[in-house]
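Heads up, the thing below is written out as structure tokens.
Bear in mind that the values in this text are calculations on the coordinates, not laboratory data. No experiment lies behind these values; they were computed from the predicted model shown. Virtual Cβ from ideal backbone geometry, glycine too; neighbours counted across all protein chains shown.
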Amino acid sequence: MNKVYVVGLPASGKTWTGRWLANKLGWEFVDLDSLIEIRAKDTISTIFNSKGEDYFRALESEVLRETSQKENCVISTGGGTASHTDNIDWMNAEGLTLYLNTNKETITERIILENDKRPMFQDLKGAEIADYLEELHNFRKIFYSKSKLVYNKTEINESLYFAVNQLVSIYSEV
């Protein structure tokens, strides 16, 4: 059961941190959204817009379950993955979950810069993004809080290096 699932709000840094952590551990990096796009032969935005969120979430859960076949990997999930069906409980049973609790101001800035890549935010501007992000956080925090590790992320700093070194030491002994 050598897997780490990285969870958190959209634009919290899951992909970057997942790649970085996989590199530090010497493991494979897997981006769940990329796996979904490969399976669907379409982009996340197109899936959302053409088939709706319910269809997307069912597909996301199905593709997530397929990661059970993988070993020694860090899996970056989508922002809503943890809060649908029983995904957070499933991930906790399958591996270690790491919640990136990035401050909402940083996330808002990132979403504004790459709004076209985030289907849930495409029609929103400035303060609307911050308001919707707050709504998402209020709904999803109960799921994120079930994660085995919580990293209060403001920037890459010594506390993350310490956490990674602990993970490396744990997993190198297995």
Checklist outcome for this item: Fewest-first ordering of S68, S147, S76 by Cβ atoms within 10 Å yields S68, S147, S76
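In percent, what relative contact order does the stretch 3-168 have, based on Cα pairs under 8 Å that are 6 or more apart in sequence? Display every interim value, and only then the final one.
Working: 226 pairs, mean separation 56.5, N = 166.
This gives 34 percent for the stretch 3-168.
How much length is gained if the chain between D89 and S34 is pulled fully straight, taking 0.36 nm per residue apart and subtracting their Cα-Cα distance, in nm to one decimal? Spell out each step's value before the answer.
Details: separation 55, 0.36 × 55 = 19.80 nm, distance 2.21 nm.
Length difference between fully extended and current span is 17.6 nm.
Quick one: which of K41/K117; K14/K148; K125/K148; K41/K125; K3/K125; K14/K70 span more than 26 angstrom between C-alpha atoms? The partial results should precede the final answer.
Values: K41/K117 16 Å; K14/K148 16 Å; K125/K148 34 Å; K41/K125 29 Å; K3/K125 36 Å; K14/K70 19 Å.
Going by Cα-Cα distance, K125/K148; K41/K125; K3/K125 fall outside the 26 Å limit.
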Next on the checklist: Quick query: amide H of V6 versus all other amide H atoms, modeled in the peptide plane; which residues come in under 5 Å with a sequence gap of 5 or more or a different chain?
Outcome noted: I75, S76, T77, L98
Checklist entry - Over what distance in Å are the Cα centres of the stretch 1-36 and the stretch 61-107 separated? => result 9 Å
Checklist entry - Near the amide H of V150, under 5 Å away, which other amide H atoms are found, from residues 5 or more places off or on another chain, if H is placed in the peptide plane? => result Y99
Next on the checklist: Can you give me the distance in nm between label points at N152 and S50, each placed 7 Å from the Cα along the Cα-to-Cβ direction?
Outcome noted: 4.4 nm
